[in-house]
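Everything on this sheet refers to the single structure shown next.
The values are calculated or read from the model by the stated rules, or taken from the named source; none is laboratory data. Being a predicted model, the structure only gives us computed values, none of them experimental. Every residue, glycine as well, gets a Cβ built from its backbone with ideal geometry; the counts of neighbours run over all protein chains shown. Just the protein is used for accessible areas: all its heavy atoms, side chains included, with ligands, DNA and RNA removed. Shrake-Rupley method; radii C 1.70, N 1.55, O 1.52, S 1.80 Å.
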Amino acid sequence: MSRITRLFPLFVIPFAIVSLVYFTSSAQEKPAANASKPDFDITASYIEACSCDMFCPCYFNTRSTHHHEGEYCRANLVLRTDKGYYKDVKLDGAKVWIATDLGSDWSTGKDSWAVIHYDPSVTPAQKTALNDIIGQLYPMKWEHAAVDTAAFTWKVDTKAGQAHARMNNGKGEVILERAKGDDPNHEIVMHNLKYWMAQSNNGFRMWKSKHEAFDGHGHKFSYDGSNGFLITIHYSGNAKAASAD
């Protein structure tokens, strides 16, 4: 069985939220004694851009933006795990590049695809862990899914107001620029909006895309001046049996 075929079911597994029970008011500062530790817990930061105008309509609608050549949302989601674990596997510093198209109707996965690229520094154990985590974080019914390896850089320069992710082979790139608000001393940040299945985030930081592109696995796109943002998420949960293959 190929790596692609084995990975695909991970993207269709629904996510179940772990609930914590508190018995008394004095216990509200810590989990109840019988609350189990989650199998995984990560904090990850993203440099993200897509083909839509700012801001992503896919967060408010079930259909993608209608462009002159059709409906789609082509994007690069470039993440770095700030800290995290999956059972006994440490995930600190692991980098993943997800190139994707949500298709014409992201609620059904029609016309959608995703290619997950792991940086060469990611170990086999970390890949197995992240396959499971990513499959639960993005519970899409992808029509096509694949896995690849690609070395890439990930950098956010808050002082200069630029974020840059680039594959060493030149096949993928995202350049974001900080947008100016009414108060130049503060970023434009959207709060109270859920990022996929993550339990929390620090807000969508509106850094407009200067350029984003991807070329690989039969997919190719390039956009300038489209939607972009930075975000740091927190996500935890339990392992799924499929990840043990």
Seminar exercise, completed: Note, region 212-229: 3J(HN,Hα) by Karplus (6.51, -1.76, 1.60, θ = phi - 60°), whole Hz, Gly/Pro = x, goes 9, 7, 8, 8, x, 6, x, 10, 8, 8, 7, 9, 10, x, 9, 5, x, 6
Seminar exercise, completed: Result for region 167-245: accessible area per residue, probe 1.4 angstrom, in square angstrom, of 52 Å²
For this session: Sticking with the crude label model, points 7 Å out along Cα→Cβ, report the distance from residue 110 to residue 148 in nm, one decimal please.
Result: 2.7 nm
For this session: Could you tally the net charge around residue 178, taking each other residue with its Cβ under 15 Å from the Cβ of residue 178, Lys/Arg +1 and Asp/Glu -1?
Result: 0
Problem set entry | Dipole moment magnitude, nearest 20 debye, region 89-245 about Cα centre, only Lys, Arg, Asp, Glu C-beta charged | 260 debye
For this session: Could you grab the relative contact order for region 127-175? Cα pairs under 8 Å, six or more apart, rounded to a whole percent.
Result: 23 percent
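Kindly rank 175-187, 91-103 from highest to lowest mean number of other beta carbons found within 10 Å of each residue.
Details: 175-187: 13.4, 91-103: 22.4.
Going by the mean number of other Cβ atoms within 10 Å, highest first, we get 91-103, 175-187.
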Problem set entry | Cβ-derived FRET efficiency at R0 25 Å, residue 191 paired with residue 157, nearest 0.05 | 0.60
Exercise. Roughly how many Å² is the accessible area per residue of region 75-146, as a whole number, for a 1.4 Å probe?
Worked result: 35 Å²
Seminar exercise, completed: A 1.4 Å probe over the protein heavy atoms gives region 152-245 a carbon and sulfur accessible-area percentage of 47 percent
For this session: Calculate, for residue 36 and residue 202, the FRET efficiency according to 1/(1 + (r/R0)^6) with r their C-beta to C-beta distance and R0 30 Å; round to the nearest 0.05.
Result: 0.70
Exercise. What ³J(HN,Hα) values, in whole Hz, does the Karplus curve 6.51 cos²θ - 1.76 cosθ + 1.60 give for region 233-238 when θ = phi - 60°, with x put for Gly and Pro?
Worked result: 10, 10, 9, 9, x, 10
Exercise. For region 183-245, what relative contact order do you get, as a whole percent, if you take Cα pairs closer than 8 Å and at least 6 residues apart?
Worked result: 32 percent
Exercise. Which whole-Hz couplings ³J(HN,Hα) result when phi for each residue of region 176-186 is put into the Karplus expression 6.51 cos²θ - 1.76 cosθ + 1.60, θ = phi - 60°, listed in order with x for Gly and Pro?
Worked result: 10, 10, 5, 7, 8, x, 4, 9, x, 7, 10
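Express in nm, to one decimal, how much length is gained between residue 89 and residue 125 on full extension, taking 0.36 nm for each residue of separation and deducting their alpha carbon distance.
Working: separation 36, 0.36 × 36 = 12.96 nm, distance 0.69 nm.
Going from the current span to full extension adds 12.3 nm.
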Exercise. Ranked by accessible surface with a 1.4 Å probe, highest first, in what order do 206, 197 come?
Worked result: 197, 206
Exercise. Amide H to amide H, which residues 5 or more places from residue 211 or on other chains are under 5 Å from it, using H placed in the peptide plane?
Worked result: 175, 225
